[in-house]
Amino acid sequence: MSVSQELFQQAARVIPGGVNSPVRACKSVQCEPLFIASAQGSRLTTEDGREMIDFVMSWGPMLLGHNHPEVATAIAAAAAKGTSFGAPCRLEVELAQAVVDAVPGIDMVRMVNSGTEATMSALRLARGYTGRNGVIKFHGGYHGHADSFLASAGSGVATQSIPGTPGVPEDVVRHTHLAHYNDLEAVRRIFETCGDVAAVIVEPVAGNMGLVPPAPGFLEGLRALTREHGALLIFDEVITGFRVSFGGAQAAFGIEPDLTCLGKIIGGGLPVGAYGGRREIMEKIAPSGTVYQAGTLSGNPLAMAAGLATLRLLAGQDYAGLAARTEVFSLELENILRGKGLPVWRNQIASLFTIFFTEMPVTDFPSAQKGDARLFASFYRQMRERGVYLAPSGFECAFTSFVHSEQDLERALDAARAARF
Ligand code: PMP
């Protein structure tokens, strides 16, 4: 038995399903998880001593690569001064300023500890600000695991086919209205029949049904409809923030939402989320306003140091170059798989892509669900056997980073060339 298998057995006795986040269990690809001992650059080393080329990158945060020396030094320097104060510190002001400077729609920002907290708090703020209860979300959109968002969610909820989830009161999700991604007319119909919509929440580039880009005019249409109906537009940029461009998807597409949710990259690999937006809305949060939201560890100095070092390094990076490398790489991967007679559809933006095992265009959750799960599982297992670490679900993105070398990408392509179906 491998060390990973031994650890998984031990884990399953004391942790539900043996994991602290469901997708990690690798159930839908009929595998057991690999336990990771360490990570450096584009590589993971498993507890069994295998080195893998990583295309998950902690689900997005590690855009600079694992254990970047300057980020590691910043964390160590902060740790030497104390790990938590529960009081204001200089680093949280500096990170807030860096976020405000970078993201067009953010005048003020509040730090929290995860993407889930960011979206949950942004929705509470939107409700408090508008005095309405409803929220429009999209099928296959994932916004963390707060109750309101667990209706037709993507990511692990989609992978495991959990219909919503037990434990969420119907009274809560009856305020959640669903539309299909890229279907503006559906959003318009909801607004016309329901006067109670506080906000539309959307991943400006969907990443949790696999990667699905916004159709031309979709984000513009959401901006116009929310304005027309007095609702807020919330961009969930937990994946896309500082990745689709330094200023996020909103900078890339030139659309300013009222509120923005961030996570992943702004924590540089430590647990951080944030939500920010227009000053007059953000000032409604306690203690300047009455909408309550708090956190013992929020603004934690280690997390702030990691985030700040990460953003400072990212500001000088060649995003266009990485996007171009990712396009060439994912296109070659598509061609290799198509050459084997497989049905494939590829979506890619910046350093994100998904290969869907279907020939039909993937523009929303139903079309993403047409992907052949059996083919995906076989592809996943064969790539893993050859040292390439992909997300263990067809409803996720692959992530590249600034440190994936030509040699890494070529090795991954060789693994795909060797696969048999
Ligand atoms: N929003 C989006 C778009 C996400 O992708 C995620 C997590 N993958 C979340 C919110 C939730 O973030 P977290 O897992 O940090 O709670």
Completion exercise
Subtracting the Cα-Cα distance of ALA418 and ALA320 from 0.36 nm times their residue separation yields 32.3 nm
Practice task
Please work out how much length the chain gains when fully extended from VAL93 to ARG312, using 0.36 nm per residue of separation minus the C-alpha to C-alpha distance, in nm with one decimal.
Solution key: 77.4 nm
Handout entry: Volume per residue that the Cα convex hull of segment 312-421 spans, once the total is divided by residue count, Å³
Key = 105
Fill in the blank from the handout: For the chain, averaging the sequence separation of alpha carbon pairs under 8 Å that lie six or more residues apart and dividing by its residue count, the contact order in percent is 22
Problem - Packing-based order for 104-111, 229-236, 49-56, using average beta carbon neighbours within 10 Å, highest first - result: 229-236, 104-111, 49-56
Problem - Whole-angstrom Cα spans of the chain along principal axes, big to small - result: 57, 53, 46
Problem - Rg [Å, one decimal], Dmax [Å, integer] - segment 260-310, C-alpha atoms - result: 12.1, 33
Exercise for the section: State, as an integer percentage, the relative contact order of segment 1-117 based on alpha-carbon contacts under 8 Å between residues 6 or more apart. Expected result: 13
Fill in the blank from the handout: Full extension between TYR292 and GLU359 adds, at 0.36 nm per residue less the Cα distance, a length in nm of 19.4 nm
Completion exercise
Note, segment 306-317: 3J(HN,Hα) by Karplus (6.51, -1.76, 1.60, θ = phi - 60°), whole Hz, Gly/Pro = x, goes 5, x, 5, 4, 5, 5, 4, 6, 5, 4, x, 8
Completion exercise
If amide H atoms are modeled at 1.01 Å from N in the peptide plane, then the residues at a separation of 5 or more from PHE399, or on another chain, having amide H under 5 Å from its own are VAL56
Problem - Computed accessible area, ARG381, all protein chains, 1.4 angstrom probe, square angstrom - result: 80
Exercise for the section: Return the long-range amide H neighbours of GLY273 (sequence gap of 5 or more, or a different chain), with a cut-off of under 5 Å between placed amide H atoms. Expected result: VAL112, ASN113, SER114
Exercise for the section: Report the far tail of the P(r) of segment 55-161, meaning the percent of Cα-Cα pairs longer than 18 Å. Expected result: 68
Handout entry: Relative packing of peptides 112-124, 60-72, 6-18 - highest average C-beta neighbours within 10 Å first
Key = 112-124, 60-72, 6-18
Exercise for the section: Pop a pseudo-label 7 angstrom from the Cα along the beta-carbon direction at both GLU32 and ASN335 and give the gap in nm to one decimal. Expected result: 4.0
Fill in the blank from the handout: Using the Cα gyration tensor of segment 1-40, the equivalent ellipsoid's semi-axes, largest first and to the nearest Å, work out to 15, 13, 11
Handout entry: Estimated inter-spin distance, THR45 and LYS81, nm [label 7 Å along Cα→Cβ]
Key = 3.1
Practice task
Beta carbons within 10 angstrom, averaged per residue: use that to sort the peptides 295-306, 382-393, highest first.
Solution key: 295-306, 382-393
Exercise for the section: Starting at the first residue of segment 347-363, write each ³J(HN,Hα) from the Karplus equation 6.51 cos²θ - 1.76 cosθ + 1.60 with θ = phi - 60°, in whole Hz, x for Gly and Pro. Expected result: 10, 8, 9, 6, 9, 10, 7, 9, 9, 9, 8, 8, 8, 7, x, 9, 10
Handout entry: For segment 320-331, Karplus couplings with θ = phi - 60° (6.51, -1.76, 1.60), whole Hz, Gly/Pro x
Key = 5, x, 5, 4, 5, 4, 5, 5, 4, 5, 5, 5
Handout entry: Cut-off 13 Å, label 7 Å out along Cα→Cβ of ALA215, residues of segment 343-367 by amide N
Key = 361-367
Problem - the chain - Cys residues lacking any other Cys C-beta under 4.7 Å - result: CYS89, CYS194, CYS261, CYS397
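The values are calculated or read from the model by the stated rules, or taken from the named source; none is laboratory data. All figures in this text were calculated on a predicted structure; none of them were measured in a lab. Please note: Cβ atoms are built from the backbone with ideal geometry, for glycine as well, and neighbour counts cover all protein chains shown. These area figures cover heavy atoms from the full protein model, side chains too; ligands, DNA and RNA do not enter into them. Shrake-Rupley method; radii C 1.70, N 1.55, O 1.52, S 1.80 Å.
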